[in-house]
Amino acid sequence: MNKRSLLPPLLFLLLFQLKVNAQNEKMASGIKLISAVDIEEKVAGQAARVSTVELIIQPKQESSPHRHPGPVYGYVLEGEYVFKVEGQPLKTLKAGETFYEPLMALHEVGRNPSATTITKLLAVVTHPRTAKELILPE
């Protein structure tokens with residue numbers, strides 16, 4: 001293999017690493033990607049991936065309304081989580097409880113009600129492999 005034929009794969013690896021580093025910096029603000037695994041199943045007719053994410057929500061912090069490119073299954077690891085997805089009632093979840101968000105449902109409310117303790121969530125998102133973001137602002 002000559003040097004010229006190595007250039008495209010090396011360029012791809014460099015760009016991929018820059019993207020990963022940028023994502024890790026973004027996720028350092030409370031969102032940590034634990035794993036991303038390609039699976040055989042499809043989401044909305046597209047090849048799929050399952051991403052597992054840990055979210056740390058600071059006291060009184062809340063998210064803006066958003067959607068996800070695939071269904072989400074979540075688990076409250078620590079604290080409490082006030083949660084509402086379109087068409088469902090507002091819920092306050094405690095450690096050990098779970099939640100579900102259908103594909104592209106509007107996540108209307110997501111907040112830590114405590115003034116003193118963090119909320120920690122584990123979320124599993126099944127989404128198209130082509131999805132560039134897991135959180136789609138409204």
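Remarks
- Looking across the stretch 96-118 at every residue that is within 15 Å of the chain's Cα centre (by Cα) and more than 13 Å from Glu62 (Cβ to Cβ), the one that is surrounded by the most Cβ atoms within 10 Å (Cβ to Cβ) is identified as Glu101.
- Residue in the stretch 128-137 that is touching a residue at least 40 places away in the same chain (Cβ under 8 Å) and among the charged types (D, E, K, R) present: yes
- In the set Val43, Val20, Val72, only one residue is modelled with pLDDT of 95 or more and either under 15 Å from the mean Cα position of the chain (by Cα) or not polar (S, T, N, Q) (or both); that residue is Val72.
- Scope the stretch 80-95; condition in a loop (DSSP other than H, G, I, E, B) and either surrounded by 17 or more Cβ atoms within 10 Å (Cβ to Cβ) or not polar (S, T, N, Q) (or both); matching residues: Glu86, Gly87, Pro89, Leu90, Ala95
- Residue check for Ile56: surrounded by fewer than 17 Cβ atoms within 10 Å (Cβ to Cβ), at pLDDT 95 or above and out of contact with any Phe, Trp or Tyr (no Cβ under 9 Å at 6 or more places or on another chain): no
- Of all residues in the stretch 32-49, those satisfying the criterion of being surrounded by 15 or more Cβ atoms within 10 Å (Cβ to Cβ) and either in contact (Cβ under 8 Å) with a residue 60 or more places away in the chain or not in a strand (DSSP E or B) (or both) are Val43, Ala48, Arg49.
- Pairs are defined by a Cβ separation below 9 Å, a sequence spacing of at least 6 or placement on different chains, a first member in the stretch 50-75 that is within 19 Å of Thr98 (Cα to Cα), and a second member that is basic (Lys, Arg) and surrounded by 15 or more Cβ atoms within 10 Å (Cβ to Cβ); the pairs so defined are Glu54/Lys120; Leu55/Lys120; Ile56/Lys120; Ile57/Arg111; Ile57/Lys120; Glu62/Arg111; Ser63/Arg111; Gly70/Arg49.
The values are calculated or read from the model by the stated rules, or taken from the named source; none is laboratory data. Being a predicted model, the structure only gives us computed values, none of them experimental. Don't worry about glycine lacking a Cβ; one is built from the backbone with ideal geometry, like all the others, and counts go over all protein chains shown.
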